[in-house]
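Down below is the structure, laid out as structure tokens.
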Amino acid sequence: MIYTVIVVAASWLFLHFNDHGWESNRLLSIGIGGGMGWMMMLNVWGVIWRGQKKIIQWTADNAANGTAIPEKAKYLARQTFLMSRANFVLSFPLLFLMGASSHYPMFGK
Amino acid sequence: MLRHELGRTTIGYSSPAGSYNTALPQAFQLPEEQYSQERRGFGRNQRRFPDFVKTGPVSFPSPAIYNLQFHTRVVELGALTVSHINLPSDFNTNLLMLFRWLHFIGGITWLGLLYFFNLVNVPFLKELDPTTKGKVLPGLMSRALWWFRWASVLTVLAGLAYWGSIVASDASNGGASSGGPMATFFLIWTIAWALMYACLIPGKGPFNKDLCSL
């Protein structure tokens, strides 16, 4: 829910600052859908991969040498799960806006 | 004459016997005698064309001739090689199409794996006992995440390259600079990401985690 509010607010801001009349539907639609894609890529590299590579390493060590898996693994697993689910949800409006950019003129010209 | 009227909507050749193969490459030309035999129904068991050449009736998609069907020999491959593919020749069009193509491929790889993680992998890994998990998780996740994270980079870079050209052409039509949309894009969406990150920190975010993760 909270990230719906964040994304809607960001979309509104983007439309607000790019409202000179010369911006095309393609620019605006991809500007919002692509923004979601940009957030998703930051999630992938900034959160999901950063957390998962530790989890993978700890799990592999645990299986090979019996090293205990640190407590932090639970926290990271929860965080990467939340971000992964956020990306899952974001992908639907993203794909809609990508299609809309060429086939569904809803913004601008 | 007919072909001239149809322009690019033509998808095959329809011609009276005798002239049907004049525009085809050497490899597909047949002697008139063989063609006539084929029309009369002789030699049906004998292949007169290479395997990859399809023959049969042809209809036209153009509304003006919507109802016409030409029951005559059509050499689809020959027709394609002669005049029915018009590749845009300017560099920029081809480059942008390449970006778009890579964007689709990268995007499908990325989102396909994302859907796999959310729909299949998360519930599946929960069911595994620790020993099996120790064997499955490292090999599965390191491979899947490699494609996942690099596909995301390919998708975003190819998409930005394409979007950049849209922004540039819009801006030049409007007598403005493309700096505005570009700057607001990165500024707004990076801030949005930071806010989302803050609000999704498990247990510590400014919002209750269950509220955030609804």
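What follows draws every value from the coordinates through simple rules; no lab data is involved. Everything numeric here is computed off the predicted structure, so don't read it as measured data. Quick reminder, even Gly has a Cβ in these numbers, built from the backbone with ideal geometry, and neighbours come from all protein chains shown.
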Using the per-residue mean of other Cβ atoms lying within 10 Å as a proxy for protection, in what order, highest first, do the peptides A:78-89, A:51-62 fall?
A:78-89, A:51-62
Rounding to the nearest 10 and keeping the result within 0 to 90°, find how far the Cα-based axis of helix A:72-103 lies from the longest principal axis of chain A.
20 degrees
A:Val5 paired with B:Val153, simple spin-label distance in nm, labels 7 Å along Cα-to-beta-carbon:
3.6 nm
Within 10 Å of the Cβ of an average residue in B:177-183, the count of other chain Cβ atoms is 2
If the chain between B:Ala198 and B:Tyr115 were fully stretched, how many nm would it gain, using 0.36 nm times the residue separation less the Cα-Cα distance?
27.5 nm
Simple spin-label model, 7 Å along Cα-to-Cβ: A:Ala68 to A:Tyr104 in nm?
5.2 nm
For residues of A:24-34, the mean tally of beta carbons on other chains within 10 Å:
5
What angle, in degrees between 0 and 90 and rounded to the nearest 10, separates the Cα long axis of helix A:49-65 from the longest principal axis of the Cα atoms of chain A?
20 degrees
For the stretch A:1-33 and the stretch A:74-109, distance of Cα centres in Å
14 Å
Hey, what number do you get for chain A at 222 nm if only DSSP H runs of n ≥ 4 count, each worth -39500 (n - 2.57), divided across all residues, to the nearest 500?
-26500 deg cm²/dmol
At R0 = 25 Å, how high is the FRET efficiency between B:Thr93 and B:Ser177 if r is their beta carbon distance? Nearest 0.05 is fine.
0.55
